[in-house]
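Below is one structure, written out as structure tokens, with a few remarks after it.
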Amino acid sequence: TTISIAIGVGLNVTVYSVLHRILFDAEIIADEPGSLVRIGPELSYPNYESLRDSGVVDNLAARQVATLVWRSANATTTVSSRVVSPNFFNFLGVQPLMGKGLSSEDDAVIAFEFWERHLGKTPSIIGQTLNLNGWPYVVVGVLPKGFYSMIGPMVSADIYVPISPRVSRALGDRTAPQFDQIGRRRDGMTQEQTLAALRVVARRMEAEFPDVNRGLDRSVTVSSVNG
């Protein structure tokens, strides 16, 4: 029994170690990844805009996990997706392998693996249309192979589309928190200084919208994208 338990624990530690490396230690494809921080909690879109426009961090991007229904000529498939602010790829400093990043609400950027697995790596993919949730999206970019956005390659998205009423509800509702935020620390600012500055902004947002932002300054968090 003792031997069996020891072997089991050893296997669990080994599996955990491998999964941790896959999910968290893989290289992040972004400019200066060490300056990237996750900012919590989830915010409504109006609150995200207020925080972004405050200038307390060097640019701010929003994202939301989604599952979209892709209707092709042959099948209907659910695909792992990210709904992101239009500045997402410019913010990360990621240049698509082909095409460009997001700019309008009917744009879509696809993962290399999705392009390879489902679309035969056709070189003419840029400009083609995908039917996602009943809406036409134009493929404007294909991401580099292995791209993942601070999550891990095992759970990377197939498709990225911009935040819009097509895919996100209650965008004008300040009481509807639904977006994660990723920011860049300003030059010379530590994570602790960034948190303190964000709390000042959160208190201003509380004062402006007390009914919906009560306690926001106490709930703000800042953490490295590496965990």
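The values are calculated or read from the model by the stated rules, or taken from the named source; none is laboratory data. Remember, it's a predicted structure, so these values are computed and weren't measured experimentally. With ideal geometry, Cβ positions are generated from the backbone for all residues, glycine too; neighbour counts draw on all protein chains shown. Surface areas here come from the heavy atoms of the whole protein model, side chains and all, with no ligands, DNA or RNA. Shrake-Rupley method; radii C 1.70, N 1.55, O 1.52, S 1.80 Å.
Numbers below:
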item: Matching entry among Leu102, Leu51, Leu68 (being part of a loop (DSSP other than H, G, I, E, B) and not small (Gly, Ala, Ser)); result: Leu102
item: Among (1) closer than 19 Å to Ser168 by Cβ; (2) among the small types (Gly, Ala, Ser); (3) touching a residue at least 60 places away in the same chain (Cβ under 8 Å) - the single one Gly93 does not satisfy; result: (1)
item: Inter-residue pairs, beta-carbon under 7 Å, first within 18 Å of Glu49 (Cα to Cα) and in region 209-220, second among the hydroxyl-bearing types (Ser, Thr, Tyr), 6+ apart; result: Val212/Thr175
item: Flag if Ile28 is modelled with pLDDT under 95, surrounded by 11 or more Cβ atoms within 10 Å (Cβ to Cβ) and assigned to a loop (DSSP other than H, G, I, E, B); result: yes
item: Qualifying positions in region 102-142 - open to solvent by 60 Å² or more (accessible area, probe 1.4 Å) and of a type in the set (D, E, K, R); result: Glu105, Glu116, Arg117, Lys121
item: Matching residues, region 189-227, being within 16 Å of Thr175 (Cβ to Cβ) and either in a loop (DSSP other than H, G, I, E, B) or open to solvent by 60 Å² or more (accessible area, probe 1.4 Å) (or both); result: Glu208, Phe209, Pro210, Asp211, Val212, Asn213, Arg214, Gly215
item: Any pair with Cβ under 7 angstrom, 6 or more apart, that starts in region 55-71 at a residue that is surrounded by fewer than 15 Cβ atoms within 10 Å (Cβ to Cβ) and ends at one that is hydroxyl-bearing (Ser, Thr, Tyr) and modelled with pLDDT of 90 or more; result: Thr67/Thr78; Thr67/Ser80; Thr67/Ser81; Val69/Thr76; Val69/Thr78
item: Selected residue [in a loop (DSSP other than H, G, I, E, B), open to solvent by 60 Å² or more (accessible area, probe 1.4 Å) and touching a residue at least 40 places away in the same chain (Cβ under 8 Å)] from Arg186, Arg166; result: Arg186
